[in-house]
Amino acid sequence: MFRSKIKTIILSISAIILAGSMIAYPKESFEASIRGLTMWWEIVFPSLLPFFIVSEMLIGFGVVKFIGVLLEPFMRPLFKVPGVGGFVWAMGMASGFPAGAKLTTRLRQEGQLTQIEAERLVSFTNSSNPLFIFGAVSVGFFHNPHLGVILALAHYLGNICVGLIMRFYGNETPDKEKDKQGKSILRTALSALHRTRINDKRPIGKLLGDAVNSSIQTLLMVGGFIILFSVINKLLFHLHITAALAKGFDLILSSLTLPDMLSIPFISGLFEITMGSDLTSRVQEATLLQQAIITSFILGFSGFSVQAQVASILAQSDIRFKPFFFARIAQGIFASFFALILWKPIYIRFYQTEQPSNAIPVSFFEEGTWLHTFYHRLLEVGPLITIFSLTLYVLLLYSRLVRTSKKP
């Protein structure tokens, strides 16, 4: 009871300080809000919405169950999760935060995952997508598409290491597919697909409407967190709290032979990955390798903004947040380690000298190429996609409210 009262007091004081800071720094708060809204409006919403809608439809049609049965022999021995985890992992890497958490929660609600399996799965299926790593961080902040190779390799290898470690988390879970070993795996997968589709009795129109409704609701929540943490990060800087916290990390960075100037970008990155990566790229006193190590940790840790989004999604089920949080710390450490050990054999060898013919290709991220053009076209068209989607969401919501009110 005493701890609960202390927690209430701390939360109340924090909310009062936040409100007072916004009143004291109205211009800075407004600019930070606009910055967060712009990022959500132009990039996050239009890039994540198609993945979310398609994922919901694939789950409803039974395709995810079909993929799960096929991937069972791969996912369970490595990560000790059902085969459906392979779908969540792939979609998480392709679409980025917080798709892994949303899909894991959805599968947990359907009973396709146990609580322990869901906590294992969500710990390594939330990652930055390649477009953000290459387009926003490498090209946008560092103006160096070759750096994206190191950041991406470090990030995804760190993801795999977290998954391998988390297989030892929790008690042993029974292998649900043992009783099906005598059957053809393809026949079992097709049977699971058909059974799942039949059990979901919603017509296609209803399923599509539910997919759009659920996806937009999640993205509205994500947008709120992005804007909130953008403001919090800015206020912490102007209140000199970031600088005070950074002094505590100076000793740690110095022991790792990293310059003290990286401490403020590091603290900012703990709250919000975009601002942290941007500030890291501007530290002239640090070498590119040192910047890559800090940025890799920031991308792996994901920032409290993303973690708050994930916590809100996980709260819809019995999946606990604590394993996910510790997994983020582990991935940050792994990603920094891989950035360090891969620097010479990949970046120095392939990109700091004359580029040999066997260099890892990143030309499609450079200026004038299709992916570079796609990224900037997304910035132009993204707001239109967002407006159209929100309008469709309002119409769907209105039609459902009308139908509900007409029922006796």
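From the list S254, S263, S296, S214, the lone residue that is polar (S, T, N, Q), closer than 21 Å to E42 by Cα and assigned to a helix (DSSP H, G or I) is S214.
For region 1-26, the tally of residues that are of a type in the set (D, E, K, R) and either loosely packed, with under 10 Cβ neighbours inside 10 Å or at pLDDT 90 or above (or both) stands at 2.
Would region 269-279 turn up any residue that is out of contact with any Phe, Trp or Tyr (no Cβ under 7 Å at 6 or more places or on another chain) and either surrounded by fewer than 23 Cβ atoms within 10 Å (Cβ to Cβ) or more than 24 Å from L48 (Cα to Cα) (or both)? Within region 269-279 (the criterion being out of contact with any Phe, Trp or Tyr (no Cβ under 7 Å at 6 or more places or on another chain) and either surrounded by fewer than 23 Cβ atoms within 10 Å (Cβ to Cβ) or more than 24 Å from L48 (Cα to Cα) (or both)), the answer is yes, since at least one residue qualifies.
All conditions but one from (1) surrounded by fewer than 19 Cβ atoms within 10 Å (Cβ to Cβ); (2) out of contact with any Pro (no Cβ under 9 Å at 6 or more places or on another chain); (3) more than 24 Å from G92 (Cα to Cα); (4) not charged (D, E, K, R) apply to L262; the one that does not is (1).
Pairs linking a residue in region 183-204 that is farther than 15 Å from G60 by Cα to a residue that is part of a loop (DSSP other than H, G, I, E, B), with Cβ atoms under 8 Å and 6 or more positions apart or on different chains, are T188/E177.
Could you check, for region 122-131, whether at least one of its residues is more than 24 Å from R328 (Cα to Cα), of a type outside the set (D, E, K, R), in contact with a Lys or Arg (Cβ under 9 Å, 6 or more places away or on another chain) and in contact (Cβ under 8 Å) with a residue 40 or more places away in the chain? No, the conditions are met nowhere in region 122-131.
Residues are listed down the side, and each one gets a yes or a no for (1) closer than 22 Å to E31 by Cβ; (2) surrounded by fewer than 18 Cβ atoms within 10 Å (Cβ to Cβ); (3) at pLDDT below 85:
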| position | (1), (2), (3) |
| --- | --- |
| D179 | no, yes, yes |
| N199 | no, yes, yes |
| R202 | no, yes, yes |
| S214 | no, yes, yes |
| M221 | no, yes, no |
| G224 | yes, yes, no |
| G248 | no, yes, yes |
| T257 | no, yes, yes |
| I267 | yes, no, no |
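Within region 48-75, residues that are surrounded by fewer than 23 Cβ atoms within 10 Å (Cβ to Cβ) reach partners that are of a type in the set (F, W, Y) with beta carbons closer than 6 Å, at six or more positions or on different chains, in the pairs I67/F87.
The values are calculated or read from the model by the stated rules, or taken from the named source; none is laboratory data. This structure is a prediction, so every number in the text was calculated from the model and none was measured. Ideal geometry is used to build each Cβ from the backbone, glycine not excepted, and the neighbour counts take in all protein chains shown.
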